[in-house]
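S.K.: Attaching a single structure in structure tokens format; questions to follow.
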Amino acid sequence: MKQQNVFWGILLIALGTLFLLDRLDFFDFQWRVLIRLWPLLLILWGVSVLPVQNFFKVLLALAVGALGIVMYGHQYENYNPHRSVFRYNFEKDEGRIRDTLVTQIFSHELEPGIKSAQLQLEATAGTYTLSGTTGDLIRADKRGSSMAYNFRVEELDDNSKVIIEQVDRKIVLNSNKLNKFDLMLNPDVEWSFDLDVGAAELDFDLSEFIIQEIAIDGGAAAIDLRLGTKSLNTEVNINAAASAIRLIIPHEAACRIKTATVLSSHSFSDFEKISPGVYETADFENADQQIFINLDAAVSSFKVSRK
């Protein structure tokens with residue numbers, strides 16, 4: 001057995017187990033907390049190259065894994081950088097004594113002179129949907145779990161920045177998966193997105209909006225995006241791990257995809273391979289509408305369709 005196989009095998013098993021337990025609602029997995037424990041990867045790698053029998057390597061690796069679980073629990077318990085500035089409407093769920101449901105409704109008027117806006121969203125656990133438009137700058141409706149969010153808007157000149165962050169990160173069994181978050185945006189301003197998606201389902205229909213840029217940092221997520229024809233140029237940057245990603249783009253739009261993937265699969269309909277990791281639709285350089293997609297993914301699936 002090769003020493004590299006021991007390292008990568010144990011690492012994939014550990015990550016797969018964490019994602020599976022999260023999907024089964026045993027706990028609410030937080031990718032940001034796990035990233036803090038990256039030095040454990042160096043320790044595991046060191047174990048894999050030790051000049052000892054594989055049996056002892058496995059024992060040492062299991063011990064490191066157990067230590068990692070303990071450290072993750074400690075970091076999770078103390079990881080709470082945000083404080084709420086909102087009052088919430090609480091409802092007792094009689095069927096589940098352990099939970100208190102939180103319902104929140106956010107809205108912000110479109111101020112005169114605003115031409116562009118950015119949505120910065122922390123989407124962890126649950127289902128996040130964007131469909132439909134509003135005369136306000138933004139409207140949001142959150143329901144179905146004990147999770148709560150901090151919402152604020154920053155305005156500078158002709159630009160607005162909408163920030164939606166999770167208030168706390170408590171582990172609530174069988175609750176966070178019920179989290180439902182619905183969004184509507186104003187179609188008369190140019191939008192950009194900064195989305196942090198962890199262990200969540202994201203379904204954004206952006207076909208009615210002018211989109212300048214989309215940046216997604218995803219882990220153990222299911223991400224669906226639909227783009228429309230209202231934008232001349234749109235840049236999409238995706239950094240993902242253990243995620244399923246699907247993009248639907250207009251058939252009349254030209255698209256260039258640049259990929260850097262590890263242990264990932266992809267499907268690019270109607271694309272031609274230009275060079276290693278680079279794919280384009282026909283006559284890309286002369287198209288009126290161009291979409292640029294940059295993908296950096298590990299252990300993920302990625303599909304782009306033209307409709």
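S.K.: Would you be able to say whether some residue in the stretch 279-293 is touching a helix residue (DSSP H, G or I) at 6+ places or on another chain (Cβ under 6 Å), buried (at least 17 other Cβ atoms within 10 Å of the Cβ) and outside any loop (DSSP other than H, G, I, E, B)?
M.R.: Looking through the stretch 279-293, none of the residues is touching a helix residue (DSSP H, G or I) at 6+ places or on another chain (Cβ under 6 Å), buried (at least 17 other Cβ atoms within 10 Å of the Cβ) and outside any loop (DSSP other than H, G, I, E, B).
S.K.: Another question about this same structure. Out of all the residues in the stretch 225-240, which are under 19 Å from F284 (Cα atoms) and part of a strand (DSSP E or B)?
M.R.: Selection gives L227, N233, T234, E235, V236, N237.
S.K.: Something else: I need the full set of residues from the stretch 176-227 which are among the polar types (S, T, N, Q) and either surrounded by 23 or more Cβ atoms within 10 Å (Cβ to Cβ) or under 26 Å from H251 (Cβ atoms) (or both), in order please.
M.R.: Once the filter is applied, which keeps residues that are among the polar types (S, T, N, Q) and either surrounded by 23 or more Cβ atoms within 10 Å (Cβ to Cβ) or under 26 Å from H251 (Cβ atoms) (or both), the stretch 176-227 yields N176, N179, S192, S207, Q212.
S.K.: Please go through the stretch 149-190 and give me each residue that is among the aliphatic types (A, V, I, L, M), modelled with pLDDT under 90 and in contact with a strand residue (DSSP E or B) (Cβ under 7 Å, 6 or more places away or on another chain), ordered by number.
M.R.: Scanning the stretch 149-190 gives V167, L178.
S.K.: Continuing with the same structure: Check A244 against each of (1) at pLDDT 95 or above; (2) touching a Lys or Arg at 6+ places or on another chain (Cβ under 9 Å) and name the one condition it does not meet.
M.R.: The one condition A244 does not meet is (1).
The values are calculated or read from the model by the stated rules, or taken from the named source; none is laboratory data. None of these values were measured; they are calculated from a predicted model. Glycine gets a Cβ as well: all are built from the backbone with ideal geometry, and neighbour counts include every protein chain shown.
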